[in-house]
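> One structure follows; several queries about it will come next.
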Amino acid sequence: MSELEQDKAAAGSVAVADHTAGVRAEARATAPAAPTGGTIVPPWLRWTLTGAAVLVALVLPVNLYPTVAVDIACWALFAVAVDLLLGYTGLMSFGHAAFWGTAAYATGLAAIHWGLPFPLAVLLGALASTVLAVPVGYLAVKRVGIYFAMVTLAFAQMVYYIANQWRSVTQGENGLQRVPRELFGLDLSDEFYFYYAALPIVAGGLWLVWRTVHSPFGRVLVAIRDNPARARALGYPVHRYKLAAFLLSAFTAGLGGGLFAIGHRFVSLDVLHWTTSGKAVIIVVLGGIGTLWGPVVGSAAVTRLEDWLSFAGFEQIGLVTGAIFALTVLIFRRGLWGTLAHWLRRRP
Amino acid sequence: MVNFLQHTFNGLVGGAFLALLALGLAVIFGMLRVVNFAHGAIYMLGAFGAYVLLTEVGLSFWWALLVMPIALALFGMALERLLVARLARLDPLYNFLLTFGLTLILQDAVKSRYGVQSSPYDAPAILSGTLDLGAFDFPAYRVFVLVMAVAVCVGVWWLLSRTRVGMVVRAATERPELSTALGIDVGRWVTPVFGFGIGLAGLAGVLAAPIRAVNPLMGADLIIVVFAVVVIGGLGSIFGSVAAGFAIGLVQAWVQALGEDWALLSQVLVFLVMAGVLLWRPAGLFGREEAPA
């Protein structure tokens, strides 16, 4: 279908939609609590929050088991990447495990076979994910809404099957074992020190997404989310913008996945499974769709909870995470951070 | 040639499950605009229910075939009333997420009670033999599955196209606001249709129990293949979903027949076909273009 035909169809849909308020409201409800930018929050508050976040990030492994702190950081990157699409572009990817997992494998392989310093291996892994995201994104942005979710989910499952069968590279069900943690001969075997070595990469990834959202490019993404037909009418190539956001998101998720591989020194097929994609979406919704701190807070909450559950010897984690997720979707759709942001914004 | 026939037959049986699941998904989507992620988990519950009825209650396969779809349909109706309906006015993605959460709960609930190992379940004695139809011996149970699936698909087609109920459902599917404006009580049919779709998934599960490994994760990966099937067929199109289900089952079986080396291709084939369909006809083979956005 040519771009022209789509434009015509889009124009038609606007004309119809204007007469059916219900359909318009539905289209708008994609990201319920999503603010359009940070302008409403006063600067002093923003700086206070950022300062507090930096402080928390710095003392996290002191107060917490360092392995958990590393996990929180990795999942935060992953969730922020998913939120860049879900909260700011209006696309729900249910297949981001493909990028998180591909980066984990690529990072692990680069570290094992080439002995690269870990930041370089992670960067390589993230680039591998970005390359994979080109064909997947190109095909997926042809659909919207629920179809986009199903298409990304299906492609991620395809990557899962390929990794499962390609045993000579991925070691199949055994996974990649003993992934080295190399950084110019420094001893990073202690999780406590590794956390601080990994922190700049996490901060870089978060900054990348923050910068994207607060750039003219990010404003176009929000415009596309809120009214794709109008964005197209204004002359923005909607498909190309969506694809660019998809690649950025895959890169950021890849940074998280690569760090996850180095942090655990082990890559298993789980990193590619659809439950992993689902967990990232859970984190975003629980934290607050369309906020940048939300996914970070959500990551801390979910990771901490799972750690606590497994420490308590509770095996069926899905019962708890599934229930929390269903309840969040039913009655707490703004999420943790979204609720706080909403509350702050209502103050004069 | 005999081999080819055999693979074709097996492909049709595999396709029958995909078609039944895709049919339920499409019926629910048509009426509610909800993509039910828990469809695979319901299929698992159908199979597990049959197993539990046999081992703990002593009810045979035939009873399970009757009881489980009805019980799950009622469960589905309760689910719709209590949870799904609350999100009906929001973006359909929320119900997708809700049913994803339910999937995790259902799977882990069964897992915590019965573990992850597969439970054996035998086909009923009367269907345990083979049918000699000249060319080769057809396992009688698989023939039964195929006949059942085709009968159900034809039955649903008849319901939708030849009865008053079907007319209402089709009208509500295509033009919900207009149907309401014409005085048709669309809301009355939402819950029964949801239950009906869930019942179909339960039926597929009971049918699958004797030939697929019965375990808590049996629907987990299958649901994603079914998603790909409905994207290929066009989720809005009930005929397209069923046809794509059978077609994918067939092609998978043919590729599988080529040998061990082709195992990966037979697994990812459905996704490659989906990619091709997205390039060529993004709305699906039988789907209508929804408003692009």
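> Between the helical axis of A:43-63 and the dominant principal axis of chain A, each derived from Cα atoms, what acute angle in degrees is found, rounded to the nearest 10?
30
> Subtracting the Cα-Cα distance from 0.36 nm times the residue separation, let me have the gained length for A:Phe217 to A:Asp307 in nm, one decimal.
Numbers: separation 90, 0.36 × 90 = 32.40 nm, distance 3.78 nm.
Extending this stretch completely gives an extra 28.6 nm.
> Starting from the amide H of B:Val214, placed 1.01 Å from N in the peptide plane, find each other amide H under 5 Å away whose residue is 5 or more places distant or on another chain.
B:Ser119
> Quote the FRET efficiency, to the nearest 0.05, computed for A:Ile317 versus A:Tyr193 with a Förster distance R0 of 51 Å and r equal to the Cβ-Cβ distance.
Numbers: r = 29 Å, r/R0 = 0.57.
Once rounded, the FRET efficiency stands at 0.95.
> Then there's this: Please compute the modelled spin-label separation between A:Trp166 and B:Ser118, points set 7 Å along Cα→Cβ, answer in nm with one decimal.
Spacing of the two 7 Å Cα→Cβ label points: 2.7 nm.
> Go ahead and run the numbers for FRET between B:Leu66 and A:Asn174, Cβ-Cβ distance against an R0 of 56 Å, rounding to 0.05.
On the way: r = 45 Å, r/R0 = 0.80.
The computed FRET efficiency comes out at 0.80.
> I would also like to ask the following. Treating the angle as unsigned and between 0 and 90°, give the value, to the nearest 10°, between the Cα long axis of helix B:164-174 and the longest Cα principal axis of chain B.
70
> Which listed residue (A:Ala103, A:Val179, A:Ile72) has the Cα farthest towards the positive end of the charge dipole for region A:62-271, taking +1 on Lys and Arg C-beta and -1 on Asp and Glu C-beta about the Cα centre?
A:Ala103
> A further question on this structure: So, R0 is 56 Å and r is the distance between the beta-carbons of A:Tyr65 and B:Val165; what FRET efficiency does that work out to, to 0.05?
0.45
> Related question: Which of B:Ser119, B:Ser237, B:Ser128 ends up with the largest GNM mean-square fluctuation for chain B, with Cα atoms connected below 10 Å?
With Cα springs under 10 Å in chain B, the top fluctuation among B:Ser119, B:Ser237, B:Ser128 is at B:Ser128.
> Per residue, how big is the convex hull of region B:192-293 when only Cα atoms are used? Give it in Å³.
On the way: hull volume 13.6 nm³, N = 102.
Dividing the Cα hull volume of region B:192-293 by its residues yields 134 Å³.
> Could I ask something else about it? For helix A:293-311, what angle does its Cα long axis make with the longest principal axis of chain A, in degrees from 0 to 90 and rounded to 10?
Relative to chain A, helix A:293-311 is tipped by roughly 40 degrees.
> Just report the Cα centroid separation between region B:175-197 and region A:252-273, whole Å.
A separation of 46 Å, based on Cα centres.
> Still on this structure, I have one more. How far apart, in nm, are two points set 7 Å out from the Cα along the Cα-to-Cβ line at B:Trp262 and at B:Arg188?
Those two pseudo-labels are separated by 5.3 nm.
> If amide H atoms are built 1.01 Å from N in the plane of the peptide, which residues on other chains or at least 5 residues away come under 5 Å of the amide H of B:Thr130?
B:Ala140
> Using a Gaussian network model of chain A with C-alpha springs under 10 Å, which one of A:Val209, A:Val302, A:Val329 is most mobile by mean-square fluctuation?
A:Val329
> Sticking with this structure for a sec: Distance in nm between label sites at B:Leu217 and A:Leu120, each 7 Å beyond Cα in the beta-carbon direction?
Modelled inter-label distance: 3.7 nm.
> From the convex hull of the Cα coordinates of region B:12-218, what is the mean projected area in square nanometres? Please list the in-between numbers first.
Numbers: hull surface 50.4 nm².
Directional mean of the projected Cα hull area for region B:12-218 stands at 12.6 nm².
> Further, regarding this structure: Over 20 Å intervals from 0, what percent of Cα-Cα pairs in chain A sits in each interval?
31, 58, 12, 0
> Mean-square fluctuation check for chain A, GNM, Cα pairs under 10 Å: which of A:Ala98, A:Ala198, A:Ala233 is largest?
Looking only at A:Ala98, A:Ala198, A:Ala233, the biggest GNM fluctuation is shown by A:Ala233.
> Just to be sure I understand the curve: with the Debye formula and one point per C-alpha of the protein assembly as shown, what is log10 I(q)/I(0) at q = 0.09 Å⁻¹?
-0.75
Read the figures in this text as sums done on the coordinates, not as results from a lab. Given the structure is predicted, the values throughout are model-derived calculations rather than measurements. Here Cβ is always computed from backbone atoms with ideal geometry, including for glycine, and neighbour counts include all displayed protein chains.
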